[in-house]
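Below is one structure, written out as structure tokens, with a few remarks after it.
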Amino acid sequence: MVSLQLSVPNIVGSRFKRRPVRCAVERQELFNRIAPVYDNLNDLLSLGQHRIWKRMAVSWSGLVKGLDFSKEQLSIASSRQYLLSKACYNNIEWVEGDALDLPFSNGYFDAITMGYGLRNVVDKRQAMREMFRVLKPGSRVSILDFNKTTQLLTAMFQEWMIDNVVVPTATVYGLAKEYQYLKTSIKEFLTGEELEKLALEVGFSKARHYEIGGGLMGNLVATR
Ligand SMILES: C/C(=C\Cc1cc(O)c2ccccc2c1O)CCC[C@H](C)CCC[C@H](C)CCCC(C)C
Ligand SMILES: C[S@@+](CC[C@H](N)C(=O)[O-])C[C@H]1O[C@@H](n2cnc3c(N)ncnc32)[C@H](O)[C@@H]1O
């Protein structure tokens, strides 16, 4: 059983076949800068809830038991792996790669999870195409991210939290503009309905978007 956890992907050594476009390089540098405090800030700002949301995403992938282009994110993730004694962490291979040009053959994976990655790639349709391509027929992708909610009150709360809690906290670490990017990236993201439509357009046979975390987050589950 081989699975791919995207945005912290798994090939050692860079294998970029296509040069990332300029804004992709800016995002790469953004995530390299926040990597050292990323998980701790996520724990603090979500009161640890992000770990629950990620476990839900993994459970929805259908993965029963088996990629990022930021070197810093990968090195911290892989170093942490050896701190965790559980056997299940020992069979992870960390690979640096581009979600828009995955260095894997067609039908390679039994499941794919993508945590807070799709909103950050510069071409969401191409990323969805690539996930479709490398998945085995009948397998699932589970994509967790912020929810671009259509509920006005939820949207107002999400925006208020980012403006008044997230960014001021990140400012303490000198990362104000990196976390201000969160708001624009959510505004430029796709709603749950649009994500389902995109998945079906690239060829997935089924697609369903679930709102979680009170509608602040969302998880798309699509079957090839
Ligand atoms: C794990 C989470 C976000 C990861 C994440 C994703 C990005 O695209 C980023 C881009 C730029 C900088 C940072 C990130 C980033 O950290 C979700 C939880 C962490 C959030 C930063 C906190 C969001 C707060 C919610 C809007 C409100 C939470 C209410 C309640 C406490 C659960
Ligand atoms: C918010 S972080 C998510 C990290 C982790 N998956 C998690 O769930 O916390 C977004 C990640 O997407 C990565 N990313 C953005 N565009 C990418 C691309 N085209 N290919 C691979 N990784 C990409 C960034 O480097 C960053 O590590």
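The values are calculated or read from the model by the stated rules, or taken from the named source; none is laboratory data. Computed from a predicted model, the values in this text were never measured in an experiment. All Cβ positions, glycine included, derive from the backbone under ideal geometry; neighbour counts span all protein chains shown. Side chains included, ligands, DNA and RNA excluded: accessible areas come from the protein's heavy atoms. Shrake-Rupley method; radii C 1.70, N 1.55, O 1.52, S 1.80 Å.
Which residue out of THR169, THR154 is farther than 21 Å from LEU30 by Cα and in contact with a helix residue (DSSP H, G or I) (Cβ under 8 Å, 6 or more places away or on another chain)?
On the way: THR169 fails: farther than 21 Å from LEU30 by Cα.
One residue alone meets the criteria, THR154.
Are there any pairs, at least 6 apart or on different chains, whose C-beta atoms fall under 9 Å, with the first in the range 135-151 and under 14 Å from GLU196 (Cα atoms) and the second aromatic (Phe, Trp, Tyr) and in a strand (DSSP E or B), and if so, which?
Listed pairs, sorted by first residue: VAL141/PHE109.
I need a count of the residues in the range 93-151 that are within 15 Å of ligand 2 (Cβ to nearest atom), in a strand (DSSP E or B) and either open to solvent by 40 Å² or more (accessible area, probe 1.4 Å) or over 17 Å from ASP68 (Cα atoms) (or both).
Within the range 93-151, residues that are within 15 Å of ligand 2 (Cβ to nearest atom), in a strand (DSSP E or B) and either open to solvent by 40 Å² or more (accessible area, probe 1.4 Å) or over 17 Å from ASP68 (Cα atoms) (or both) number 1.
Enumerate the pairs (first residue in the range 38-50 and within 6 Å of ligand 1 (Cβ to nearest atom); second residue anywhere and open to solvent by 40 Å² or more (accessible area, probe 1.4 Å)) with beta-carbon separation below 7 Å, excluding pairs fewer than 6 apart on the same chain, so at least 6 apart or on different chains.
LEU45/VAL165
Can you name the residue in the range 51-65 that is among the basic types (Lys, Arg) and within 9 Å of ligand 1 (Cβ to nearest atom) and, of all such residues, is farthest from VAL165 (Cα to Cα)? If you could, list the steps in order and put the result at the bottom.
Here is the first cut: in the range 51-65, the residues among the basic types (Lys, Arg) are 51, 54-55, 65.
Narrowing the set further to residues that are within 9 Å of ligand 1 (Cβ to nearest atom) leaves 51, 54.
Values: ARG51: 19, LYS54: 22 Å.
Among them, the one singled out is LYS54.
In the range 188-204, what residues are open to solvent by 50 Å² or more (accessible area, probe 1.4 Å) and more than 16 Å from ligand 2 (Cβ to nearest atom)?
Going through the range 188-204, the residues open to solvent by 50 Å² or more (accessible area, probe 1.4 Å) turn out to be 188, 193-194, 197, 200-201.
Scanning the range 188-204 gives GLU193, GLU194, LYS197, LEU200, GLU201.
Among (1) open to solvent by less than 50 Å² (accessible area, probe 1.4 Å); (2) within 22 Å of ARG33 (Cα to Cα), which single condition is LEU216 missing?
The failed condition is (2).
Would you call TYR179 open to solvent by 30 Å² or more (accessible area, probe 1.4 Å) and within 16 Å of ligand 2 (Cβ to nearest atom)? It would help to see each step written out before you state the result.
Working: open to solvent by 30 Å² or more (accessible area, probe 1.4 Å): no; within 16 Å of ligand 2 (Cβ to nearest atom): yes.
When the stated conditions are applied, TYR179 does not pass them.
Does GLN158 satisfy the criteria of being in a helix (DSSP H, G or I) and in contact with a Phe, Trp or Tyr (Cβ under 9 Å, 6 or more places away or on another chain)? Break it down stepwise before answering.
Working: in a helix (DSSP H, G or I): yes; in contact with a Phe, Trp or Tyr (Cβ under 9 Å, 6 or more places away or on another chain): yes.
So GLN158 fits the description; yes.
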